[in-house]
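The values are calculated or read from the model by the stated rules, or taken from the named source; none is laboratory data. This one's a predicted model, so the numbers in the text were calculated from it and none came from an experiment. Glycine gets a Cβ as well: all are built from the backbone with ideal geometry, and neighbour counts include every protein chain shown. Surface accessibility is based on the protein's heavy atoms, side chains included, excluding ligands, DNA and RNA. Shrake-Rupley method; radii C 1.70, N 1.55, O 1.52, S 1.80 Å.
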Amino acid sequence: MEKLSSPKITKEIVNKYGFKFSKSLGQNFLIDENIIYKIIEGSQITKEDIIVEVGPGIGTLTQYLADKAEKVLAIEIDKSLIPILEETLKDYENVEVINSDVLDLDLKGLIENKFPDRKVKVVANLPYYVTTPIIMKFLEEEVPVKDIVVMVQKEVADRLKAKPKTKDYGSLSVAVQYYCEPEIITRVPKSVFIPNPNVESTVIRLKVLENPKVNVKDKKVFLNVVRASFAKRRKTLLNSLSFSDFELSKDEIKKILKASNIDSNRRGESLTIQEFAILSNNISSIL
Ligand code: SAM
């Protein structure tokens, strides 16, 4: 089977099966081999790697992943793509396709079952309507993952790697940087997909840390503090936390902020991940 990474072959396959692109499933297929090589290089795949690909589409990136890796587990929601994948991936014995919504799967159980004691790499051109839930699922459900290399909307990549006191810094930045070290691999123009998406894209690598960046007593409280602190960006921490689910009085919050060495007039966007950890640990200890 020829490689799929050209507009001509992609169109031939799509027409042969009468496949209709679904906008609501985020179906924009890659048609540029250079970008595929950048994703492959950025993922540093070896024959010892097990890859989980979310949304293989017609199998374009999958073919290149399969050439490099020990095994590829590809999870595709769209039933109409399954017969196409059977054809395009028929020469690749190390690929398994699962027809499912990735968000419905017990990924931790699935991977521990199929690949005991192994950590996988996630490599994908993600469907943009569910980028954040997919990334957070791998991280929060403690799926054994060592690396996540994904194509995402440029604005999302900017938020994933944003630092404090910048406009892009928010709860997603803190939540992801708690687990990972982000690194931009490459910017990607609209022209490398069919159909062209409305937005620019970025390939980003999230190197999953052996241990989270900071010590937190209770992960749930930490993530709740982070979300509450950014819920209203213009509000001070004192106000944001007073209106959160913690049901703490203003006096209690003032005391906690003081004990955390954080001025109560500061806003969430100025806190480092270390400061969020200290603050949430102090909140955990009185809940
Ligand atoms: N990997 C292909 C490529 O690069 O050409 C296709 C990428 S396309 C941006 C996203 C793919 O994710 C589509 O094939 C779409 O059907 C699939 N998809 C969308 N939502 C999904 C979900 N919740 N679970 C699994 N796959 C999904």
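Some observations on this one:
- Segments classed as helices (runs of 4 or more DSSP H), wholly inside segment 185-262, with at least 2 members that are acidic (Asp, Glu) and either more than 16 Å from the ligand (Cβ to nearest atom) or without any contact (Cβ under 8 Å) to a residue 24 or more places away in the chain (or both): 250-259
- Being acidic (Asp, Glu) and more than 9 Å from the ligand (Cβ to nearest atom) is not true of Glu76.
- Number of positions in segment 16-38 that are surrounded by fewer than 20 Cβ atoms within 10 Å (Cβ to Cβ) and not in a helix (DSSP H, G or I): 11
- From the options Leu85, Leu73, residue that is under 27 Å from Asn113 (Cβ atoms), in contact with a Lys or Arg (Cβ under 8 Å, 6 or more places away or on another chain) and either open to solvent by 10 Å² or more (accessible area, probe 1.4 Å) or without any contact (Cβ under 8 Å) to a residue 60 or more places away in the chain (or both): Leu73
- Scanning segment 98-105 for any residue that is buried (at least 16 other Cβ atoms within 10 Å of the Cβ) and more than 17 Å from Ser43 (Cα to Cα) turns up at least one such residue.
- Tallying residues that are under 19 Å from the mean Cα position of the chain (by Cα), within 15 Å of the ligand (Cβ to nearest atom) and not charged (D, E, K, R) within segment 99-131 yields 16.
- Hits in segment 1-15 - residues which are more than 9 Å from the ligand (Cβ to nearest atom) and either part of a helix (DSSP H, G or I) or in contact (Cβ under 8 Å) with a residue 12 or more places away in the chain (or both): Met1, Lys3, Ser6, Pro7, Lys8, Ile9, Lys11, Glu12, Ile13, Val14, Asn15
- Residue match in segment 60-67 (condition: within 9 Å of the ligand (Cβ to nearest atom) and open to solvent by 30 Å² or more (accessible area, probe 1.4 Å)): no
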